[in-house]
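Okay, so here's the structure we're looking at.
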Amino acid sequence: MNAVENTESSNDTREEFAIAVVGTGVIGAAWVSGFLAAGHSVTAFDPAEGAEERLLEQVKSNLEVTTGVRDSQLDRLTFAPTIAEAVGSVDFVQENGPERLEVKQAMLAEIDTAAPEATIIASSTSGFAPSEISAEATKAPSRIIVGHPFNPAHLIPLVEVVPTPGASPALVDRALTIYRTIGKKPILVRAELPGHVVNRLQAALWQEAYSLVNEGVVSVSDIDTAISYGPGLRWAILGPLAQQALSGGIGGMRHVLDHLGPPQEVWMHDLKQVHLDEGLKGKLIAGVDDELVGRDSAAIARQRDEMLIRLLELKHRYEELP
Ligand SMILES: NC(=O)c1ccc[n+]([C@@H]2O[C@H](COP(=O)([O-])OP(=O)(O)OC[C@H]3O[C@@H](n4cnc5c(N)ncnc54)[C@H](O)[C@@H]3O)[C@@H](O)[C@H]2O)c1
């Protein structure tokens, strides 16, 4: 457990923040879209040739499906020529550079040097711990946290927030508040673990799915049918644990654990470890190719995004009910 256990509330009641987004590839562009849609101003930086034009195109495309594109949103976007100019006077930085430790460390050290001391610096890293990526920062490394989003990040509300053990509770609270202003659902992760929490949960499921395919128990497409037409539908509504409590009827979680806990433990202890060798990779690739044969992946992604928007609208509608 770390210092964030007794989370203090933030006194900052502003609704508009100055944001810097560093690295504007797939994930960075999604963050820019979300911050602009919520009325924040964004200064972006990415050193790649043509990055500014690509960002504008991607932001317009993202906003088209979320809020609709408005000039007032795009007017609040500036592209800076250096990291230092992007982060020099902002409240919050979201870093989205390549997932390589030495690159993250160098970028975050540069951001830490240039950003005012009160600025929160969040990294989208999929798996590095905040203490690892802040190792080269010298000015105020404890304000460097992980804010890990999920693809398609302009639509999926979840963000995992992982502070360093030394982060102040007020800073963590402020980061959660800023994410909520753009409609995100942040969760607080209280320990530094490889893959944070959600990629570990996904890895647990992938491990067993890969093992079952490897053993020839079930096809790749039947795994996808099983989750997307079975538990995945329930999980999208309630999550796996509240859903489990419902399975206990009036006895709730107590009954389900007493009743089905013992066989569940047998299944848990029978789960297999897998190694992603070429043989297994070949089976998974061939299985997905069979499943998606004749379908265009861009069209599948578009359809997924449309369904996600409808699902989220439905969830919001039910959450508003008394
Ligand atoms: N793609 C995903 O599904 C996903 C999901 C969650 C988190 N993430 C994380 O988000 C981060 C970005 O991933 P992505 O998929 O957007 O990658 P990407 O390759 O699309 O974008 C990375 C961007 O960083 C830029 N860049 C390289 N060096 C830079 C520097 N020194 N300063 C600023 N920008 C620099 C590149 O030009 C590129 O535009 C990674 O840490 C990744 O782990 C990715």
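Readers should treat all values here as calculations from the given coordinates under stated rules, not as data from a laboratory. Since this is a predicted model, take the numbers as computed values, not measurements. When we count neighbours, we look across all protein chains shown, and the Cβ atoms used for this are built from the backbone with ideal geometry, even at glycine.
Can you give me the C-alpha center-to-center distance between region 249-274 and region 87-104, rounded to a whole angstrom?
42
Can you give the extra length, in nm with one decimal, that the chain gains between I227 and V69 once fully stretched, where that is 0.36 nm per residue apart less the Cα-Cα distance?
Residue separation times 0.36 nm, minus the Cα-Cα distance, leaves 53.4 nm.
Report the local net charge at G25: Lys and Arg +1, Asp and Glu -1, summed over other residues whose C-beta lies under 11 Å from its C-beta.
For residues surrounding G25, the net value is -1.
Whole percent per 5 Å bin, from 0 to the bin with the longest distance: what is P(r) over all C-alpha pairs of region 198-291?
Computed distribution, short to long bins: 3, 12, 16, 21, 20, 14, 8, 5, 2, 0.
Using +1 on the beta carbon of Lys and Arg, -1 on that of Asp and Glu, and nothing else charged, what's the dipole of region 3-188 about the Cα centre, debye to 20?
400
Given the C-alpha centroids of region 18-64 and region 142-209, what is the distance between them in whole angstrom?
20
Could you work out which residue, out of V93, V274, V266, moves most in a Gaussian network model of the chain, that is, has the largest mean-square fluctuation with Cα springs under 10 Å?
V266
Taking a point 7 angstrom from the Cα of K283 along the C-beta vector, which residues in region 197-225 have backbone N less than 15 Å away?
Zone members listed by number: 206-224.
In degrees, nearest 10, range 0 to 90: what is the angle between the Cα axis of helix 101-114 and the longest Cα principal axis of the chain?
Helix 101-114 sits at roughly 30 degrees to that axis.
Relative to the longest principal axis of the C-alpha atoms of the chain, give the angle of the C-alpha long axis of helix 26-37, reported between 0 and 90° and rounded to the nearest 10°.
70
Just add up the charged neighbours of P141: K/R +1, D/E -1, any other residue whose Cβ is under 12 Å from the Cβ of P141.
Taking every other residue near P141 into account, the sum is -2.
Which residue fluctuates the most in the chain, going by a Gaussian network model with Cα springs under 10 Å, if the choices are S211, S219, S247?
So, out of S211, S219, S247, the one fluctuating most is S247.
In the chain, how many lysine pairs have Cα atoms under 22 Å apart, counting only pairs 8 or more places apart or on different chains?
6
Based on Cβ point charges of +1 for Lys and Arg and -1 for Asp and Glu, what charge dipole magnitude is obtained for the chain about its Cα centre, in debye rounded to the nearest 20?
So the dipole magnitude of the chain works out to roughly 700 debye.
In degrees, nearest 10, range 0 to 90: what is the angle between the Cα axis of helix 198-214 and the longest Cα principal axis of the chain?
Between helix and principal axis, roughly 40 degrees.
Before anything else, pin down the relative contact order of the chain: Cα pairs under 8 Å, at least 6 apart, normalised by residue count, whole percent.
Normalised by residue count, the contact order of the chain is 15 percent.
Cα extents of the chain along the three principal axes, largest first, in whole Å?
So the three principal-axis extents are 56, 49, 47 Å.
If amide H atoms are built 1.01 Å from N in the plane of the peptide, which residues on other chains or at least 5 residues away come under 5 Å of the amide H of T78?
Amide H to amide H, under 5 Å and 5 or more residues apart or across chains, T78 pairs with V42, T43, A44.
Out of G232, G279, G23, any idea which swings most in a Gaussian network model of the chain, alpha carbons joined below 10 Å?
G279
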